[in-house]
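Just so it is clear, none of the values below were taken in a lab; they were calculated from the coordinates. The structure displayed is predicted, hence computed values, not measured ones. Here Cβ is always computed from backbone atoms with ideal geometry, including for glycine, and neighbour counts include all displayed protein chains.
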């Protein structure tokens, strides 16, 4: 019915990742999955769900999952598929890392028109998550 794992790229705290689609297949012959319910653990959200409340035998549907971290850390969860026709819920593992940082400058600096200056910015990751930033 479900397989695999969904791994999200590092995502900023207070933002949401791009949605990753998950296909749900009812491989049970002649058995409809009635009272179908999909849920995602805290820190993850469902979007774009085409599944409805029942899934006919042999049918598929798709939901998308986004990662929306509320703290800077590695996080895990599950996408859970429940139905009155299943003996046990089906699950897909979810994982992602939330990141955040603080920024500090070296203080005010005055630059005359037409001149250049170097200015030091200090970026400090929070939550023990490594941070790589590129300026272009």
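As a test, work out the antiparallel percent of DSSP beta bridges whose residues both lie in the chain, rounded to the nearest 5. Around 90 percent antiparallel, to the nearest 5.
Highest average first, the peptides 118-125, 51-58 ordered by how many other beta carbon atoms sit within 10 Å of their residues are 51-58, 118-125.
Highest mean packing first, where packing is the average number of other Cβ atoms within 10 Å per residue, the peptides 96-105, 21-30 line up as 96-105, 21-30. For segment 55-108, the percent of C-alpha pairs falling in each 10 Å distance bin, counted from 0 to the bin holding the largest distance, reads 16, 33, 22, 15, 7, 5, 2. Using 13 Å as the cut-off for backbone N distance, which residues of segment 59-80 belong to the label zone defined by a point 7 Å from the Cα of residue 37 along Cα→Cβ? Only 80 fall inside the zone, counting backbone N under 13 Å. Residue separation of residue 126 and residue 76 scaled by 0.36 nm, minus their Cα-Cα distance, works out to 16.1 nm of gained length.
Rounded, prolate or oblate for segment 32-136? Axes are the square roots of the Cα gyration tensor eigenvalues, ordered a ≥ b ≥ c, and the cut-off for rounded is a/c under 1.5. Here segment 32-136 falls in the prolate category.
Between residue 117 and residue 60, what length in nm is gained on full extension when 0.36 nm per residue of separation is reduced by their alpha carbon distance?
Values: separation 57, 0.36 × 57 = 20.52 nm, distance 5.93 nm.
The residue 117-residue 60 span can extend by a further 14.6 nm.
Could you tell me the relative contact order of the chain? Use alpha-carbon pairs under 8 Å, at least six residues apart, and round to a whole percent. Walk me through the intermediate numbers first.
Working: 309 pairs, mean separation 36.3, N = 136.
Answer for the chain is 27 percent.
For the peptides 87-95, 59-67, the ranking by mean Cβ contacts within 10 Å, running from highest to lowest, is 59-67, 87-95.
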